[in-house]
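Undergrad: Take this structure, written in structure tokens, and hold onto it; I'll ask about it next.
The values are calculated or read from the model by the stated rules, or taken from the named source; none is laboratory data. From a predicted model like this one, the values you see are computed outputs, not experimental measurements. All Cβ positions, even for glycine, are placed from backbone atoms using ideal geometry, and neighbour counts span all protein chains on display.
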Amino acid sequence: MPSFPSSGASPQKQQHNARRRQLIRQQRKSLPIASVEKRLIEEVRKNDTLIVVGETGSGKTTQLPQFLYDAGFCQDGKVIGITQPRRVAAVTVAKRVAEECNDQLGKKVGYSIRFDDSTSNATRIKYMTDGLLLREALLDPLLSKYSVIVVDEAHERTVHTDVLLGLLKKVQHSRSIYANKNGKILPDIQHQSQYFTLKACQGTKIDPLKLIIMSASLDAKCFSDYFGSAKAVHIQGRQYPVDILYTYQPESDYLDATLVTIFQIHLEEGPGDILAFLTGQEEIESLDRLIQERARQLPPQRSKIWTTPIYSSLPSEQQMNAFKPAPAGTRKVVLATNIAETSVTIPGIKYVIDPGMVKARAYNPVTGMESLIIIPVSKAQALQRR
Ligand SMILES: Nc1ncnc2c1ncn2[C@@H]1O[C@H](COP(=O)(O)OP(=O)(O)OP(=O)(O)O)[C@@H](O)[C@H]1O
């Protein structure tokens, strides 16, 4: 939780808070993105659309909005909006950034997802799902309260993200016309729909909309072409080195292989929590049962494993358990679907097991129906899981 200089806090608590703030400052400084802050801001000033590609963990999601805020992009009460494909990412990142700003969630930094809105009039850095921004655009077609919109994890290419990108391109166009005409609606506006949208905003000061498209693994050229040769910036480096170990042969039963690997790590490797990627609730529950059974057969001092699931249909409060630290001497094993793949940082994870499968929606042209099928992950997804 964020810490505040509270007169009521005990000296130990104040000391703890000061140490935590110091640690967060150091963590922020050590992120690869910290060394390119100036350059990024210059590029955003020069270009209306910017594509930012950087390794997972380089600090894009948490730091760039803070750089933009510090550079004055929230003057005149404007808001920086950051979209995420998943609710859990919007919530956890907003909490982290509020803590980094040493502020209460819902003040300078907040999140807004369907049925849960932590923002207030003071919010200037707003994390939200892409679906939520689409809904906002129905009420305010120029998205006039935003100075910058950051579309994060654009490589996911969900229907919402793709529709949003098309819509944002139009919004940018309308806003630049409006800004160039000093807010006057002139009769030379061709499309009626554009005319009415602009007319509704007559008298309000509207600047061009800055758009930033981000990911660790997107095909920058494809996005750049779509946005009229938009500039792409690559951020080099990651926060921690990663060793990647593969199985010699493909595993026919990846669930069993995951179980074996979890116990190999637990019994043979040093401390650190484990994150295993599975395809859905059923697999997660069945692996959870198998882990409990096997753990019961271990000697008491080695049986301390705490499993915690995270998948989209799990209630939000239960999803948050995955972010809690394990009791001392216990190893946490997070069993997750691809919900934990992007923009979600689970503290304490040292080992990641990726069987390389995902449950995806697929259209069957023979039956004319959509169904969920288990398929190998894309390269982009595999990169995100590292
Ligand atoms: N909820 C959190 N709790 C603790 N630390 C966090 C949290 N979120 C982020 N961090 C820290 O901030 C660092 C940068 O995370 P950030 O999400 O900004 O990176 P990113 O480049 O956007 O990665 P990705 O491509 O996976 O979204 C992480 O490596 C971690 O050290």
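Undergrad: Has the stretch 106-117 got any residue that is touching a residue at least 12 places away in the same chain (Cβ under 8 Å), out of contact with any Ser or Thr (no Cβ under 8 Å at 6 or more places or on another chain) and either over 24 Å from Leu164 (Cβ atoms) or away from the ligand (no atom under 15 Å from the Cβ) (or both)? Let's see the steps before the verdict.
TA: Here is the first cut: in the stretch 106-117, the ones touching a residue at least 12 places away in the same chain (Cβ under 8 Å) are 106-114, 116.
Adding the requirement that they be out of contact with any Ser or Thr (no Cβ under 8 Å at 6 or more places or on another chain) leaves none.
Among the residues of the stretch 106-117, not one is touching a residue at least 12 places away in the same chain (Cβ under 8 Å), out of contact with any Ser or Thr (no Cβ under 8 Å at 6 or more places or on another chain) and either over 24 Å from Leu164 (Cβ atoms) or away from the ligand (no atom under 15 Å from the Cβ) (or both), which makes the answer no.
Undergrad: Checking Asp140 against (1) at pLDDT below 95; (2) under 16 Å from Val171 (Cα atoms); (3) crowded, with 17+ Cβ neighbours inside 10 Å, which test does it fail?
TA: (3)
Undergrad: List the residue pairs whose Cβ atoms are under 9 Å apart, where the first residue sits in the stretch 265-280 and is not assigned by the TED database to the domain that holds Leu372 and part of a loop (DSSP other than H, G, I, E, B), the second is of a type in the set (Phe, Trp, Tyr) and surrounded by 19 or more Cβ atoms within 10 Å (Cβ to Cβ), and the two are 6 or more positions apart or on different chains.
TA: Nothing qualifies.
Undergrad: Looking only at the stretch 64-87, count how many residues are of a type in the set (Ser, Thr, Tyr) and in contact with a Lys or Arg (Cβ under 9 Å, 6 or more places away or on another chain). Lay out the reasoning, then the answer.
TA: Taking the stretch 64-87 as the starting set, the residues that turn out to be of a type in the set (Ser, Thr, Tyr) are 69, 83.
Filter once more, keeping what is in contact with a Lys or Arg (Cβ under 9 Å, 6 or more places away or on another chain): 69.
Of the residues in the stretch 64-87, 1 are of a type in the set (Ser, Thr, Tyr) and in contact with a Lys or Arg (Cβ under 9 Å, 6 or more places away or on another chain).
Undergrad: Against the definition (over 21 Å from Lys126 (Cβ atoms) and touching a residue at least 60 places away in the same chain (Cβ under 8 Å)), how does Glu42 come out, yes or no? Give the steps one after another, and end with the answer.
TA: Working: over 21 Å from Lys126 (Cβ atoms): yes; touching a residue at least 60 places away in the same chain (Cβ under 8 Å): no.
It is false that Glu42 is over 21 Å from Lys126 (Cβ atoms) and touching a residue at least 60 places away in the same chain (Cβ under 8 Å).
Undergrad: While we're here: Can you tell me which residue in the stretch 91-101 is farthest from Tyr311 (Cα to Cα), limited to those that are surrounded by 22 or more Cβ atoms within 10 Å (Cβ to Cβ) and in contact (Cβ under 8 Å) with a residue 40 or more places away in the chain? Let's see the steps before the verdict.
TA: At the first step, the residues of the stretch 91-101 found to be surrounded by 22 or more Cβ atoms within 10 Å (Cβ to Cβ) are 91-94, 97-98.
Next cut, in contact (Cβ under 8 Å) with a residue 40 or more places away in the chain only: 91-93, 98.
Details: Val91: 15, Thr92: 14, Val93: 17, Ala98: 24 Å.
By that ranking, first place goes to Ala98.
Residue-wise test of (1) within 15 Å of the ligand (Cβ to nearest atom); (2) buried (at least 17 other Cβ atoms within 10 Å of the Cβ).
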site	(1), (2)
Lys29	yes, no
Pro32	yes, yes
Lys38	no, no
Lys60	yes, yes
Gln63	yes, yes
Leu68	yes, yes
Cys74	no, yes
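Undergrad: Tyr248 is checked against (1) exposed (fewer than 12 other Cβ atoms within 10 Å of the Cβ); (2) in contact with a strand residue (DSSP E or B) (Cβ under 8 Å, 6 or more places away or on another chain) and fails just one. What number does that condition carry?
TA: Condition (2) is where Tyr248 drops out.
Undergrad: Continuing with this model, one more query. Out of all the residues in the stretch 206-229, which are within 15 Å of the ligand (Cβ to nearest atom), assigned to a strand (DSSP E or B) and either modelled with pLDDT of 90 or more or closer than 14 Å to Thr49 by Cα (or both)?
TA: Result: Ile212, Ile213, Met214.
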